[in-house]
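The structure appears right after this line, and notes come after that.
The values are calculated or read from the model by the stated rules, or taken from the named source; none is laboratory data. Predicted model only: the values in this text are computed from it and were never measured. Positions of Cβ are backbone-derived with ideal geometry, glycine not excepted, and every protein chain shown enters the neighbour counts. For the accessible areas, the whole protein counts, side chains as well, though only heavy atoms, and no ligand, DNA or RNA atoms are used. Shrake-Rupley method; radii C 1.70, N 1.55, O 1.52, S 1.80 Å.
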Amino acid sequence: MFAVYAESFSTEDPLSGLVVGERPEPEPPSGWTTVTVKAASLNHHDLWSLKGVGLREDALPMTLGCDAAGLDEDGNEIVVHAVVSDPAWSGDETLDPKRSLLSERYQGTFADKVVVPSRNVVPKPASLSFEEAACLPTAWLTAYRMLYTQGGLKPGDSVLVQGAGGGVATALITLARAGGLRVFATSRDEGKRKRALELGADEVFESGARLPQRVDAVMETVGKATWSHSVKSLRPGGTLVISGATSGPNPDNAELTRIFFLQLRVIGSTMGTRAELAALTSLLDTSGARPVIDRVLPMEQARDGFAAMAEGDVFGKIVFTR
Ligand SMILES: NC(=O)c1ccc[n+]([C@@H]2O[C@H](COP(=O)([O-])OP(=O)(O)OC[C@H]3O[C@@H](n4cnc5c(N)ncnc54)[C@H](OP(=O)(O)O)[C@@H]3O)[C@@H](O)[C@H]2O)c1
């Protein structure tokens, strides 16, 4: 079958290990099901995989992709939940020490078909297109959990979203707006700042600029480049939720003094549960909020999508269709 996969790793030139080609049809083990992929979306995770982050050499070749929407074996329209937990695990799947994401241990979604545990699908509301639904399982689910589970934010609270152009960041802005929050966003790029306003941010700023007020919470995915500013932007007792470190994991100043003196809470967040994915799909269904899609490409042109993400030339999600 058609598949987009990693054949080797390179930190310098990650796209050198990317193959757009053919892989054997998957055989679902007992308790797993085959999903026919209609649309899949690209995440920074897929670029990390090509750099050998989170993926072992002995797992190659590995079909990339965490996110998909498609048809189950009975022809029902579904969204794939990308977190594969141990069959013996019950409760919050993101806390299972044996969990993995599709494309880490099990083959990913950039293919005609993907096999997943039968419990890893949720119904796709008819109001969402396959392209929109394919944006949800990683970036949008991560954003949902950051704001409403880990951040515990309520209508009227204020939030700062760093790096407005990213897949997670655009989801954060849209979902924060849908949840009645006051939204500040930063971006290095003027065009992206304008688009963040169109998405519903109340005010936008250059990366690192002083905000007009201290906020209840900051949503961090950028890491090193914005960490200090994130800590300084919080009110006493505020919450910093972090789910990524695109610019690097070692900030020049960890701001430890400010963290304890202002009694800030720093909370990690990773993906989300299947129940949160179902709650997210129904929030979009009822609110009318929709994923921001930068571009839709046929999966055969996946390399162009990877190149755009590697260059940071993206606002919202890149979606591949079959
Ligand atoms: N923990 C999880 O479950 C989880 C899930 C999804 C993603 N993630 C992580 O979250 C991060 C974002 O993922 P994504 O898919 O949204 O990636 P993305 O679409 O590539 O977004 C990255 C954004 O980071 C900002 N940025 C990058 N380098 C920067 C720098 N040097 N200074 C300031 N801003 C910088 C950019 O914003 P501007 O250009 O607007 O400034 C860019 O739009 C990645 O590290 C990813 O691995 C984690």
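Being over 30 Å from Leu284 (Cα atoms), open to solvent by 50 Å² or more (accessible area, probe 1.4 Å), more than 16 Å from the ligand (Cβ to nearest atom) and in contact with a strand residue (DSSP E or B) (Cβ under 6 Å, 6 or more places away or on another chain), is that true of even one residue in region 45-63? Among the residues of region 45-63, at least one is over 30 Å from Leu284 (Cα atoms), open to solvent by 50 Å² or more (accessible area, probe 1.4 Å), more than 16 Å from the ligand (Cβ to nearest atom) and in contact with a strand residue (DSSP E or B) (Cβ under 6 Å, 6 or more places away or on another chain), which makes the answer yes. Contact annotation: no residue pair with Cβ atoms under 8 Å, 6 or more positions apart or on different chains, pairs a residue in region 237-250 that is over 13 Å from Ile267 (Cβ atoms) and free of Cβ contacts under 8 Å to residues at least 24 places away in the same chain with a partner that is open to solvent by 30 Å² or more (accessible area, probe 1.4 Å) and more than 13 Å from the ligand (Cβ to nearest atom).
Results for (1) open to solvent by less than 10 Å² (accessible area, probe 1.4 Å); (2) within 16 Å of the ligand (Cβ to nearest atom); (3) touching a Gly at 6+ places or on another chain (Cβ under 6 Å); (4) among the small types (Gly, Ala, Ser), shown as yes or no for each residue.
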| site | (1), (2), (3), (4) |
| --- | --- |
| Leu160 | yes, yes, no, no |
| Gly163 | no, yes, no, yes |
| Thr174 | no, yes, no, no |
| Arg177 | no, no, yes, no |
| Arg188 | no, yes, no, no |
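Which of the residues spanning region 262-296 are open to solvent by less than 40 Å² (accessible area, probe 1.4 Å) and closer than 18 Å to Thr226 by Cβ? Answer for region 262-296, where residues must be open to solvent by less than 40 Å² (accessible area, probe 1.4 Å) and closer than 18 Å to Thr226 by Cβ: Leu264, Ile267, Ser269. Looking across region 212-221 at every residue that is open to solvent by less than 60 Å² (accessible area, probe 1.4 Å) and more than 16 Å from the ligand (Cβ to nearest atom), the one that is nearest to Ser243 (Cα to Cα) is identified as Ala217. Among the residues of region 64-87, those identified as at pLDDT 95 or above and open to solvent by 40 Å² or more (accessible area, probe 1.4 Å) are Leu71, Glu73, Asp74, Gly75, Asn76, Glu77, Asp86. Where residues in region 222-271 are within 8 Å of the ligand (Cβ to nearest atom) and in contact with a helix residue (DSSP H, G or I) (Cβ under 6 Å, 6 or more places away or on another chain), which of them is farthest from Met309 (Cα to Cα)? The residue in question is Ser269.
State whether the residues of region 143-158 include one that is within 10 Å of the ligand (Cβ to nearest atom), of a type in the set (Gly, Ala, Ser) and open to solvent by 40 Å² or more (accessible area, probe 1.4 Å).
no
Starting from region 306-322, keep only residues that are among the acidic types (Asp, Glu), then list their pairs with residues that are more than 9 Å from the ligand (Cβ to nearest atom) and assigned to a helix (DSSP H, G or I) whose Cβ atoms are within a distance under 9 Å, requiring at least 6 positions of separation or different chains. So the pair list comes out as Asp313/Ala307.
Of the residues making up region 117-165, those that are of a type in the set (Ser, Thr, Tyr) and out of contact with any strand residue (DSSP E or B) (no Cβ under 7 Å at 6 or more places or on another chain) are Ser127, Ser129, Thr138, Thr142, Tyr144, Tyr148, Thr149.
Pairs meeting the criteria (first residue in region 13-33 and polar (S, T, N, Q), second residue part of a helix (DSSP H, G or I) and buried (at least 16 other Cβ atoms within 10 Å of the Cβ), beta carbons under 9 Å, at least 6 apart or on different chains) are Ser16/Leu50; Thr33/Asn120. Taking the stated definitions as given, is Ile259 touching a residue at least 60 places away in the same chain (Cβ under 8 Å) and surrounded by fewer than 21 Cβ atoms within 10 Å (Cβ to Cβ)? For Ile259, the condition - touching a residue at least 60 places away in the same chain (Cβ under 8 Å) and surrounded by fewer than 21 Cβ atoms within 10 Å (Cβ to Cβ) - is not met.
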